Amino acid sequence: MKIYILLITLLITVTVSSGKADEGLTDEELLNICLKNAGRRIANDLHEKGYSEICVVESPSETDERINFILIESIANEIKNMNGSIFLMKEKGTRGKPTLFYRVIEKNVSIEEKDRFWGAPVVERDIRVKISYRLVAPETGEILISKEIEESLKNKISQKAYTNLTKGAKKGVSFTSLLEPAIVTAIVGGLMYLFYSQKSSK
């Protein structure tokens, strides 16, 4: 009976201690997901209000170009999926269709490290993006829609995995990772041998 208890305890301990760090997305990749979701929401909102053909004006140059690209691509893909049309324009261009203006007013990654009673520490991330946008009539300048939307994601990752992500560490095969399965196999094999030895001696 003691052998059974010892074997089960050891297997649980080895499984937990030898588990690989959870793989996760970088902070930037999670922000990109929020931006894409925000773009889809904007497109759906416009479509629900009957606007299927629009012009979109890029946010001012102080905004990261990557953000502009991700948002416009997401809006365009969603509108096209709904059989609509979208046209990219400069702010001072002549517009014959309702024009969408937007601005990213919040882009934040909140990080909190937490210790666990059982297992390695984890990092909890709260990613938030807030976008203000308005749709303007082409001739009168009337504001047809004016809204703010917020997208957020929560993510939990092991502290070790997060450190590797932030350092840009590349995956590789270490000597420890090769040795670990052999140690586990030897321990379990030894316990099984002791178990059957004890059983045959009775």
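Give the residue that is least open to solvent (accessible area, probe 1.4 Å), with candidates limited to residues of the stretch 132-155 that are in contact (Cβ under 8 Å) with a residue 24 or more places away in the chain and small (Gly, Ala, Ser). Among those residues, the one meeting the criterion is 137. For the stretch 47-75, residues that are closer than 19 Å to residue 138 by Cα and either of a type in the set (A, V, I, L, M, F, W, C) or buried (at least 19 other Cβ atoms within 10 Å of the Cβ) (or both) total 5. Of all residues in the stretch 100-141, those being within 19 Å of residue 57 (Cβ to Cβ), in contact with a strand residue (DSSP E or B) (Cβ under 7 Å, 6 or more places away or on another chain) and not in a strand (DSSP E or B) number 2.
The values are calculated or read from the model by the stated rules, or taken from the named source; none is laboratory data. Everything numeric here is computed off the predicted structure, so don't read it as measured data. Positions of Cβ are backbone-derived with ideal geometry, glycine not excepted, and every protein chain shown enters the neighbour counts. Quick note on the areas: whole protein, heavy atoms, side chains included, nothing else; ligands and nucleic acids left out. Shrake-Rupley method; radii C 1.70, N 1.55, O 1.52, S 1.80 Å.
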